[in-house]
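The block underneath contains the structure these notes are about, expressed in C-alpha cells.
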Amino acid sequence: MVGVTFCGALLVGAGQAQAATTWKIQSVWDAGTVGYDLFEEWCNSMEEKSGGELIFKPFPAKAVAADNNALFDAVRNGVLQGMNPFTLYWSGKIPASVFLSSYPAGPDQPHQWDTMFYSMGMLEKTREIYKKFGLFYVGPIQHDANIIHSKKPVNSLADLKGMKIRVPGGMVAEVFQQFGVSTVSLPGSDIFPALEKGTIDAADYVGPAVNWELGFSQVTDYILFGPPGVMSVYQPVDLMDLTVNLRAWNSLDPKLQQLVEDEVRNYSQKHYLTIQKRNIEAMKKFKEAGDTVSRLSQADLEEFRRKAIPIWYKWANKDDDARAIFDMQLEYMMNETVGYISEEDLEGVPGK
C-alpha cells in the first residue's frame, strides 16, 4: 500500500502538466449490485491516485457492449479500453481461460490462485496468451464461490442422480453429468422463474450475498455446500479480472502501468473481503427464513475430483496454451504443500 501511495505522489506533478488519459471500462456487474458499487467506487478513486493522469470511467453490464461476445470485441477493437469480466467467460475463445478461474475439484482456496498467478509464473503466461488477442490481462480479482440452491435436500453425490440443475456449461456441466444430473444452461435472470415453476430442481449461481438479493430463498429450501471450509466443490474460487486493450496499455507511462497493477491487487482484496462479509450476513437471513445447509463429505469431494480429472485433461488438450496453464496447476496440486493429486490418481487417465 505504501508503494501505491508513493507512486501516486510521484505522478502529481506530471498530472498538472498534461491532459489525463481516460479509459472506459465496462463491468459484467449490473448497476445497483454490491459488485458494481464496489467497482464504481474503485474506478472513481483512480484519478486522485494517479495525480490526475489516469481516469477510469466505469460502465455497468450492457451499458456499452450488449453481451459478453460484444464486450470481448469492444475491448479488442478499442471501443472500450477495459473490462471487468468473469474470467472463464472466454473459454470458447481462449480455451486456457477455463483454467484461469476455478474448475471442478481443482484448487479451492483463494490464496492458492494468488500463489499460482503471482508466485509461479501463471500471470506472465496468461499475459502471453492474451497478447495474441490484442489484450493485456492486468490481474485476477477475487470474487467468491458459486453455490447451489435446491428444492430438496442433497446430502451426498448420490442424491444428485436424476435431478435437473442449472449449472454453467462446459467443464462444470460435464462433471455433473457423470453423476446422473440433467444440466441446463440458463441466464441469471431466468433462474428464479425456473425454480418457481419447478422446471428445474436446483440451480447454481454466485454466493449467498447476491443469491439472497435475487430471492432464491423464496423458491428453494436447501443450500448445497462442500465439506467444511469449502463452499463449493465445482467452482470454489470464481475469479474476475481487469483486462485492457493492449494498445491502450502500451501507451501508458510505466509508472502508471505499475499503479494500475498495484491497484488491481488492492481492489481484489477489498472486493473479496466485502463480499465475504455480505455472505455471512446473508447466511443469517437464509437461516431465519428457514433454509437448511446441506454439506457434501470429504469422500464426496474426492469422488467428484476422480470424475473430474479426465475432463480436466479433455479441456487441457484443446490447445497448447490451455495445456501450459493446466500443467502449472497440476504441478502445484501434486506438490506436498497442497497434496490434492497423486500419481496414482492419474493412472490410466485418457490424454495424460
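Meeting the requirement of 3 or more residues that are in contact (Cβ under 8 Å) with a residue 12 or more places away in the chain and open to solvent by less than 30 Å² (accessible area, probe 1.4 Å), the strands (runs of 3 or more DSSP E) wholly within region 176-225 are 202-205, 222-225.
Within region 58-71, residues that are within 14 Å of Thr243 (Cα to Cα) and among the hydrophobic types (A, V, I, L, M, F, W, C) reach partners that are open to solvent by less than 30 Å² (accessible area, probe 1.4 Å) and modelled with pLDDT of 95 or more with beta carbons closer than 7 Å, at six or more positions or on different chains, in the pairs Leu71/Gln26; Leu71/Ala65; Leu71/Met83; Leu71/Pro85.
The residues listed here are Asn84, Asn44; of these, the one that is under 18 Å from Gly188 (Cβ atoms), of a type in the set (S, T, N, Q) and modelled with pLDDT of 95 or more is Asn84.
Scanning region 326-352 for residues that are assigned to a helix (DSSP H, G or I) and without any contact (Cβ under 8 Å) to a residue 40 or more places away in the chain turns up Asp327, Leu330, Glu331, Met334, Glu343, Glu344, Leu346. Within region 98-129, being polar (S, T, N, Q) and farther than 16 Å from Ile311 by Cβ holds for Gln109, Gln112, Thr115, Ser119, Thr126. Please work out which one of (1) in contact (Cβ under 8 Å) with a residue 24 or more places away in the chain; (2) in contact with a helix residue (DSSP H, G or I) (Cβ under 8 Å, 6 or more places away or on another chain) is the condition Asp108 fails and give its number. Tallying (1) in contact (Cβ under 8 Å) with a residue 24 or more places away in the chain; (2) in contact with a helix residue (DSSP H, G or I) (Cβ under 8 Å, 6 or more places away or on another chain), Asp108 fails exactly one: (2).
What's the total number of residues in region 315-325 that are touching a residue at least 60 places away in the same chain (Cβ under 8 Å) and either in a loop (DSSP other than H, G, I, E, B) or among the basic types (Lys, Arg) (or both)? Result for region 315-325: 2.
If only residues of region 325-340 that are polar (S, T, N, Q) and more than 19 Å from Ser101 (Cβ to Cβ) are counted, the one that is most open to solvent (accessible area, probe 1.4 Å) is Thr337. The residues of region 41-57 that are surrounded by 18 or more Cβ atoms within 10 Å (Cβ to Cβ), without any contact (Cβ under 8 Å) to a residue 60 or more places away in the chain and part of a helix (DSSP H, G or I) amount to a single one, Cys43.
Among the residues of region 146-155, those identified as aliphatic (A, V, I, L, M) and either assigned to a strand (DSSP E or B) or surrounded by 24 or more Cβ atoms within 10 Å (Cβ to Cβ) (or both) are Ile147, Ile148. Step by step: first the residues of region 275-300, then only those that are in contact with a Phe, Trp or Tyr (Cβ under 8 Å, 6 or more places away or on another chain) and among the polar types (S, T, N, Q), then the one that is most open to solvent (accessible area, probe 1.4 Å). Which residue is that? Checked region 275-300; the qualifying residue most open to solvent (accessible area, probe 1.4 Å) is Thr292.
Looking only at residues in region 113-122 that are open to solvent by 10 Å² or more (accessible area, probe 1.4 Å) and assigned to a helix (DSSP H, G or I), the one that is farthest from Ala202 (Cα to Cα) is Ser119. On the given criteria, is Tyr272 closer than 30 Å to Trp212 by Cβ, open to solvent by 20 Å² or more (accessible area, probe 1.4 Å), assigned to a helix (DSSP H, G or I) and touching a helix residue (DSSP H, G or I) at 6+ places or on another chain (Cβ under 8 Å)? Against the criterion (closer than 30 Å to Trp212 by Cβ, open to solvent by 20 Å² or more (accessible area, probe 1.4 Å), assigned to a helix (DSSP H, G or I) and touching a helix residue (DSSP H, G or I) at 6+ places or on another chain (Cβ under 8 Å)), Tyr272 qualifies. Considering only residues that are assigned to a helix (DSSP H, G or I), open to solvent by 10 Å² or more (accessible area, probe 1.4 Å) and closer than 14 Å to Val264 by Cβ, which ones fall in region 124-145? Passing the criteria: only Arg127. Scanning region 248-303 for residues that are in contact with a Pro (Cβ under 7 Å, 6 or more places away or on another chain) and among the basic types (Lys, Arg) yields one hit, Arg295. Looking across Lys352, Lys314, one residue alone is among the basic types (Lys, Arg), modelled with pLDDT of 95 or more and closer than 21 Å to Glu174 by Cα. It is Lys314.
Answer yes or no as to whether Ala158 is surrounded by 22 or more Cβ atoms within 10 Å (Cβ to Cβ) and hydrophobic (A, V, I, L, M, F, W, C). Considered against the rule, which asks whether it is surrounded by 22 or more Cβ atoms within 10 Å (Cβ to Cβ) and hydrophobic (A, V, I, L, M, F, W, C), Ala158 comes out as no.
Just checking, does region 87-103 include any residue being open to solvent by 60 Å² or more (accessible area, probe 1.4 Å) and part of a loop (DSSP other than H, G, I, E, B)? Yes: region 87-103 contains one or more residues that are open to solvent by 60 Å² or more (accessible area, probe 1.4 Å) and part of a loop (DSSP other than H, G, I, E, B).
The values are calculated or read from the model by the stated rules, or taken from the named source; none is laboratory data. These figures come from a predicted structure and were not determined experimentally. All Cβ positions, glycine included, derive from the backbone under ideal geometry; neighbour counts span all protein chains shown. Note: areas computed on protein heavy atoms with side chains; ligands, DNA, RNA excluded. Shrake-Rupley method; radii C 1.70, N 1.55, O 1.52, S 1.80 Å.
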